[in-house]
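Since the structure comes first, as structure tokens, the remarks are kept for the end.
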Amino acid sequence: MAEVTIRQFAEVVGISIDRLLEQLQEAGVQVADPDAMISDAEKMELLGHLRRKHSTGDDEDVAESKKITLKRKTSSELKLANSQGKTKSVTVEVRKKRTYIKRSVVVEEETKRIEEAKAKRAEHIAVQEIVERETKRKVDELDSKRQAVDEVHTRTIEEAKEVEKQRALMEAKRVVEKELAKQAVKPDEDEGVESRNKKRGRRKERFDDADVLVEAEVAVVDEEAQPAREELHVSADMAGRRKRKQKHKKVNVQPSEEHGFTMPTARVVREVSVPETMTVGELAQKMSVKVAEVIKVLMNLGTMATINQVIDQATAVVVVEELGHKAKLTKADAIEDTIVEEESSANAIARPPVVTIMGHVDHGKTSLLDYIRRTKVAAGEAGGITQHIGAYHVETKNGVITFLDTPGHAAFTAMRARGAKATDIVILVVAADDGVMPQTRESIQHAKAGNVPLIIAVNKIDKPDADPERVRNALVQEGVVPDDWGGDTMFVNVSARTGEGVDKLLEAILLQAEVLELKAVADGPARGVIIESRLDKGRGPVATILVQKGTLRKGDIVLAGFEYGRVRAMLDENGKQVDAAGPSMPVEVLGLSSVPNAGDEATAVADERTAREVAAFRQSRFRDVKMARQQSVKLENMFSQMQEGEVRTLFIVLKSDVQGSAEAISDALQKLSTDEVKVRIITSGVGAITESDVNLAVASNAIVIGFNVRADVAAKRLIEEEGVDLRYYSIIYELLDHVKQAMSGMLAPLFKESIVGIAEVRDVFRSPKFGNIAGCMVTQGAVKRNNPIRVLRDNVVIYEGELESLRRFKDDAGEVKQGLECGIGVKNYNDVQPGDQIEVYERIQIQRTI
């Protein structure tokens with residue numbers, strides 16, 4: 001390689017000049033000026049120094065070489081003014097240090113951690129088995145002791161009951177005898193027989209009452225294991241006499257009290273709903289058991305789990321069945337079924353058709369729509385091409401029609417496909433002077449894939465070189481047969497400039513709509529599709545929604561993909577506010593939490609809580625799928641890099657004005673990837689370039705691309721400090737061309753060998769200073785001293801190297817041309833023989849392109 005300056009070498013290597021000078025000084029190469037020349041030998045010394053610095057043969061150095069530490073030092077100068085008005089310069093030096101660990105070390109540590117976890121799990125299982133055996137033994141001992149205690153307790157209770165019964169009986173008899181003694185009165189002589197009989201009757205009644213009291217006391221003693229005593233019922237006349245006389249013993253009668261808890265006689269079996277994934281804590285809560293029991297079952301199954309660990313559906317079903325419950329499998333998206341309502345076709349009414357205009361670039365799609373709307377939509381598009389999906393609600397004299405204007409560029413294939421799915425009729429615009437083009441065929445494929453009827457609008461018939469018949473013949477080859485030729489596709493010749501045939505085109509649209517019998521339910525919650533979305537600086541997230549069913553009203557809660565929110569305002573295509581939007585009406589909606597993805601389904605839900613739960617569920621599911629996809633991609637990349645070698649990657653941070661453009665540009669850039677150079681979109685979003693985007697680009701060594709957006713003040717300052725490559729574009733052609741050029745510069749250089757000259761060895765001379773010297777005759781081209789050589793014997797290469805000396809007679813020569821004799825000394829090779837050929841060649845670097 002020819003000598004280059006330090007500045008040029010720093011640009012080729014891709015580091016700063018100061019850093020390169022520092023490395024050269026560390027390698028022992030003394031260079032004082034960035035414009036000084038550096039030779040190949042000095043480059044090799046620098047390479048050897050770097051290799052010795054990053055990898056050595058000692059054990060400690062080998063361990064240290066498992067990680068690489070990159071240091072970076074930047075210096076800046078600050079000027080500060082003191083109280084006297086003088087300026088003082090302060091030098092600020094910032095040092096950054098970043099260490100990268102070898103992947104094999106991380107894998108080894110992870111494997112070691114897994115082995116330790118397995119050993120701990122086995123030890124835990126062994127300890128658990130020992131604990132279970134000890135617990136069972138102790139439980140058996142306690143059961144035997146409890147049985148003996150119960151027997152003793154039962155005998156004691158029976159003896160106590162008998163003693164209490166005898167005591168109560170003796171106490172009752174003593175009370176009766178005492179009462180009888182008090183009431184014993186001698187009969188007077190003057191009393192008659194009749195009065196004595198009455199007194200005897202009263203004494204007999206009192207004696208009967210005493211017997212009742214004795215029986216009641218005995219009944220109380222006879223109660224066995226009752227928490228409350230039964231109520232004693234006494235006749236009304238006895239109760240009245242006892243209250244009047246106040247001479248009998250009162251018996252406190254308490255109301256009946258039954259215990260509120262009853263021991264269940266059978267195990268409660270619950271039906272547990274098991275989703276696809278759930279945590280251990282959630283499973284325990286659904287079964288109404290402790291988390292420790294679930295973890296114990298999992299340990300018996302050989303799974304070490306914590307309360308917050310996620311288990312799959314199969315494992316959860318086994319745990320539920322082990323604990324004696326029934327498992328009911330549920331889908332992961334069961335929560336989304338809550339927003340689905342039954343639709344009735346009884347209230348269906350006719351709705352306007354949704355028409356999508358498709359076709360090749362510059363065939364007049366937007367101009368045709370301009371003539372219908374009487375506006376100038378194309379004037380606001382960069383480069384005169386449509387780069388956003390526009391939705392327009394047009395009222396014509398023949399009826400109301402909703403138009404979707406999709407871009408015609410090939411990079412917006414996904415946007416055109418999205419437009420075809422949300423449409424009823426496709427108008428394919430074909431220029432009469434240009435004919436069928438590749439994107440025209442793509443539009444036909446999208447319409448057929450969506451099973452959408454086609455109407456062909458042959459545009460530009462006012463031009464002199466227009467040939468509609470040629471267009472028809474070309475479309476017949478694509479499977480689109482005109483109706484006047486026996487097919488089912490209507491052809492209309494139009495001119496977007498003069499307006500010729502536009503009325504016939506509108507009539508054809510309404511006629512096709514009548515044939516399709518387009519109807520929709522106008523009542524109930526609205527359902528639609530996000531046509532476009534963007535982030536407005538003053539209004540926040542703005543989404544264009546095409547309502548397909550129901551009616552969207554101001555104040556409704558809208559769920560769109562991962563985002564949700566209340567509709568704060570609705571605007572039509574002219575910027576006027578509307579309060580309601582029916583089927584087939586496009587409106588701009590304000591009030592969502594963030595910018596939704598174009599193509600997401602928009603649904604009006606009952607309350608904000610449901611919308612928030614569904615949105616959170618979708619985000620978590622998308623995050624899990626993304627992590628799984630990234631993990632698989634990492635493994636695939638690991639194996640592919642092992643097989644194919646290192647692949648150069650161009651990292652890009654993309655920001656666009658609308659979501660549709662960001663998706664389309666990302667798809668187009670990723671299609672540029674080859675086997676040697678790949679394009680990776682680090683992140684793509686909507687809105688201005690922020691400081692976080694620049695930090696991400698610095699961390700990943702990526703370039704920042706802004707499509708119809710600009711960087712804010714903080715981002716610009718950080719870009720200047722870090723030297724980030726920032727590119728602004730407004731037309732996609734220029735963006736793709738510049739990315740291709742950048743990828744071409746990342747390709748590995750391709751060298752081509754060219755034979756400069758051939759010298760034939762006539763004789764070999766012995767030199768004490770240079771060794772064997774070959775006396776040669778240049779038979780072809782010229783022999784140059786600084787070019788590499790090959791030694792051929794019988795047309796077989798036996799040595800490759802370089803010349804040590806080239807002389808013409810006794811003088812050193814830099815070049816010897818054809819037909820002249822010369823002496824050649826081959827470096828580090830002394831086996832040159834007469835008849836050999838010395839081939840001199842040079843390597844030419846070829847510029848590669850994508």
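For the criterion of being more than 24 Å from the chain's Cα centre (by Cα) and either in contact (Cβ under 8 Å) with a residue 24 or more places away in the chain or over 20 Å from T356 (Cα atoms) (or both), T603 fails. Within segment 834-850, restricting attention to residues that are surrounded by 13 or more Cβ atoms within 10 Å (Cβ to Cβ) and outside any strand (DSSP E or B), the residue that is farthest from the chain's Cα centre (by Cα) is D836.
When the residues of segment 664-673 are filtered to those that are surrounded by fewer than 20 Cβ atoms within 10 Å (Cβ to Cβ) and under 20 Å from the mean Cα position of the chain (by Cα), the one that is farthest from A598 (Cα to Cα) is Q670. Counting only residues that are in contact with a Lys or Arg (Cβ under 8 Å, 6 or more places away or on another chain) and open to solvent by 70 Å² or more (accessible area, probe 1.4 Å), segment 27-39 holds 1 of them. Quick check on segment 520-542. Is at least one of its residues modelled with pLDDT of 85 or more, assigned to a strand (DSSP E or B), surrounded by fewer than 20 Cβ atoms within 10 Å (Cβ to Cβ) and over 29 Å from the mean Cα position of the chain (by Cα)? No: segment 520-542 contains no residue that is modelled with pLDDT of 85 or more, assigned to a strand (DSSP E or B), surrounded by fewer than 20 Cβ atoms within 10 Å (Cβ to Cβ) and over 29 Å from the mean Cα position of the chain (by Cα). For segment 791-822, a tally of residues being closer than 18 Å to N772 by Cβ, under 60 Å from the mean Cα position of the chain (by Cα) and open to solvent by 30 Å² or more (accessible area, probe 1.4 Å) returns 4. Tallying residues that are surrounded by 10 or more Cβ atoms within 10 Å (Cβ to Cβ) and within 36 Å of the chain's Cα centre (by Cα) within segment 74-99 yields 1.
Among the residues of segment 746-776, those that are open to solvent by less than 40 Å² (accessible area, probe 1.4 Å) and free of Cβ contacts under 8 Å to residues at least 60 places away in the same chain comprise S767, G771, I773, G775.
The set of residues in segment 673-688 being among the hydrophobic types (A, V, I, L, M, F, W, C) and at pLDDT below 85 consists of V677, I682. Criterion applied to T135, T99, T111 was being touching a strand residue (DSSP E or B) at 6+ places or on another chain (Cβ under 7 Å), over 17 Å from M299 (Cα atoms) and free of Cβ contacts under 8 Å to residues at least 60 places away in the same chain, and the one residue passing it is T99.
Restricting segment 506-549 to residues that are touching a Leu at 6+ places or on another chain (Cβ under 8 Å) and not hydrophobic (A, V, I, L, M, F, W, C), the residue that is farthest from V709 (Cα to Cα) is G528.
Taking every residue in segment 471-482 that is within 15 Å of S443 (Cα to Cα) and pairing it with any residue that is of a type in the set (V, I, T) and in a helix (DSSP H, G or I), at least 6 positions away or on another chain, the pairs with Cβ-Cβ distances below 7 Å are E478/I444; V480/I444.
Set side by side, the residues V492, V430, V458, V481 differ, and just one is open to solvent by 40 Å² or more (accessible area, probe 1.4 Å) and among the aliphatic types (A, V, I, L, M), which is V481. Every condition in (1) modelled with pLDDT under 90; (2) assigned to a strand (DSSP E or B) holds for V791 except the one numbered (1). Of the residues in segment 482-497, at least one is touching a Phe, Trp or Tyr at 6+ places or on another chain (Cβ under 6 Å) and over 30 Å from E601 (Cβ atoms). Scanning segment 711-724 for residues being surrounded by 13 or more Cβ atoms within 10 Å (Cβ to Cβ) and assigned to a loop (DSSP other than H, G, I, E, B) gives a total of 2. So which residues in segment 674-699 are of a type in the set (G, A, S) and either outside any helix (DSSP H, G or I) or surrounded by 15 or more Cβ atoms within 10 Å (Cβ to Cβ) (or both), if there are any at all? Selection gives S684, G685, G687, A688, A697. Could you look through segment 578-616, keep only residues that are out of contact with any strand residue (DSSP E or B) (no Cβ under 8 Å at 6 or more places or on another chain) and charged (D, E, K, R), and pick out the one that is farthest from V658 (Cα to Cα)? For segment 578-616, the residue satisfying everything is R609. Quick one: would you say V127 is open to solvent by less than 90 Å² (accessible area, probe 1.4 Å), under 30 Å from V297 (Cα atoms) and modelled with pLDDT of 80 or more? So V127 fits the description; yes. Counting only helices (runs of 4 or more DSSP H) that fall entirely inside segment 409-492 and contain at least 2 residues that are touching an Asp or Glu at 6+ places or on another chain (Cβ under 9 Å) and modelled with pLDDT of 85 or more, no element qualifies.
Exactly one residue out of V796, V764 is of a type in the set (A, V, I, L, M, F, W, C) and out of contact with any strand residue (DSSP E or B) (no Cβ under 8 Å at 6 or more places or on another chain), and it is V796. Among the conditions (1) part of a strand (DSSP E or B); (2) open to solvent by less than 80 Å² (accessible area, probe 1.4 Å); (3) free of Cβ contacts under 8 Å to residues at least 40 places away in the same chain, R727 misses just one, which is (2). Within segment 43-64, can one find any residue that is surrounded by 14 or more Cβ atoms within 10 Å (Cβ to Cβ) and modelled with pLDDT under 80? For segment 43-64, residues surrounded by 14 or more Cβ atoms within 10 Å (Cβ to Cβ) and modelled with pLDDT under 80: present.
Only residues that are assigned to a helix (DSSP H, G or I), in contact with a helix residue (DSSP H, G or I) (Cβ under 9 Å, 6 or more places away or on another chain) and open to solvent by 10 Å² or more (accessible area, probe 1.4 Å) were counted in segment 602-621, giving 4.
The values are calculated or read from the model by the stated rules, or taken from the named source; none is laboratory data. The model shown is predicted, which means the values in this text are computed figures rather than measured ones. Note that each Cβ is placed from the backbone with ideal geometry, even for glycine, and that neighbours are counted across all protein chains shown. Side chains included, ligands, DNA and RNA excluded: accessible areas come from the protein's heavy atoms. Shrake-Rupley method; radii C 1.70, N 1.55, O 1.52, S 1.80 Å.
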